[in-house]
Amino acid sequence: MSHADTLIPLHLCVLTVSDSRTLAEDRSGDYLAHALAQEGHRMHERALLPDDRYRLRAQVSQWIADPEVDGILVTGGTGFTGRDSTPEALLPLLDKEMPGFGELFRHVSVEEIGTSSLQSRAFAGLANQTFIFCLPGSTSACRTAWEKIIRAQLDARTRPCNLATLRPRLKE
């Protein structure tokens, strides 16, 4: 069996951005934590922070500085309300953006929520060899992103290519 025929377990963090939820009420974070574990990945750390761009940036900076962390799933703060600041907080940390993720997420979301998908500022990118995926706060949006995009890209068995097998080459 070749290396590409097996799952490469990744160490992932989950960050929920919410001014109104606690970890006990965090269904979106719960979904992501369960989904990544179900696929054989490992939860490195989980946190919930209010929508404060400096606290978000500090937490994500800590995780991207940790060589054990392969990726971060962020849920919440990607809308248009006054407090939504995940893009403003985290885009400056990216070394490379992954514009196709946001475009694909909005495209896939049209099937579920119609033109309301244009209100999502979901995005992804790479910071210090760590993948960062920023998703809306709803559980259904997290499910859509995980099941239709992220799960396959974090699976080394996905053909023709995937992010999991790309990891060793990120330092080139």
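Placing unit charges on the Cβ atoms only, positive for Lys and Arg and negative for Asp and Glu, gives region 1-59 a dipole magnitude near 180 debye about its Cα centre. In this structure the amide hydrogen of Asp155, modeled in the peptide plane, comes within under 5 Å of the amide hydrogens of Leu163, Ala164, none closer than 5 places in sequence on its chain. Helix 53-65 and the long axis of the chain differ in direction by around 10°, with both axes built from C-alpha atoms. Sorted ascending by nearby beta carbons within 10 Å, beginning with the fewest, His107, His11 become His107, His11. Ordering Val108, Val69 from the fewest to the most neighbouring beta carbons within 10 Å gives Val108, Val69.
Under the criterion of Cα pairs below 8 Å and six or more residues apart, the relative contact order for the chain equals 26 percent. Cβ-to-Cβ counts within 10 Å put Ile132, Ile72, Ile149 in ascending order as Ile149, Ile72, Ile132, the fewest first. Computed from backbone phi, the HN-Hα couplings of region 26-42 come to 8, 5, 5, x, 4, 4, 4, 4, 5, 4, 5, 5, 4, 7, x, 7, 10 Hz, rounded to whole numbers (Karplus: 6.51 cos²θ - 1.76 cosθ + 1.60, θ = phi - 60°; Gly and Pro given as x).
Here the Karplus relation 6.51 cos²θ - 1.76 cosθ + 1.60, evaluated at θ = phi - 60°, turns the backbone of region 148-155 into coupling constants of 9, 9, 5, 3, 5, 6, 9, 10 Hz, with x for every Gly and Pro.
Assign one of three labels to region 52-135, namely rounded, prolate or oblate, based on the Cα gyration tensor with a ≥ b ≥ c the square roots of its eigenvalues; rounded applies when a/c is under 1.5, prolate when it is not and a/b is larger than b/c, and oblate otherwise.
Oblate is the answer for region 52-135, as a/c is 1.5 or above yet b/c matches or exceeds a/b.
Quick check: from the Cα gyration tensor, does region 20-86 come out rounded (a/c under 1.5), prolate or oblate? Cα axes put region 20-86 in the oblate bin. For Thr75, nonlocal amide neighbours, meaning residues 5 or more places apart or on other chains whose placed amide H falls under 5 Å from its own, are Leu15, Thr16, Val17, Leu135. Helix 99-113 and the longest principal axis of the Cα set of the chain meet at an angle near 60°. Basic side chains Lys and Arg get +1 at the Cβ, acidic Asp and Glu get -1 at the Cβ, and with that the dipole of region 86-172 about its Cα centre reaches some 320 debye.
Taking a ≥ b ≥ c as the square roots of the eigenvalues of the Cα gyration tensor, an a/c ratio of 1.5 or more together with a/b no larger than b/c marks region 125-172 as oblate. Taking every C-alpha pair closer than 8 Å and separated by at least 6 residues, the mean separation divided by the residue count of region 1-102 gives a relative contact order of 34 percent.
Of all beta bridges that DSSP places with both ends in region 1-155, some 30 percent have antiparallel geometry. Within the shell of other residues whose beta carbon sits under 13 angstrom from the beta carbon of Thr81, the net charge comes to -2, with Lys and Arg scored +1 and Asp and Glu -1.
A short reminder: the numbers here are calculations on the coordinates, not readings from a lab. Fair warning: this is a prediction, and the values are worked out from it, not measured in the lab. Heads up, the Cβs are rebuilt from the backbone with ideal geometry, glycines too, and the neighbour counts pull from every protein chain shown.
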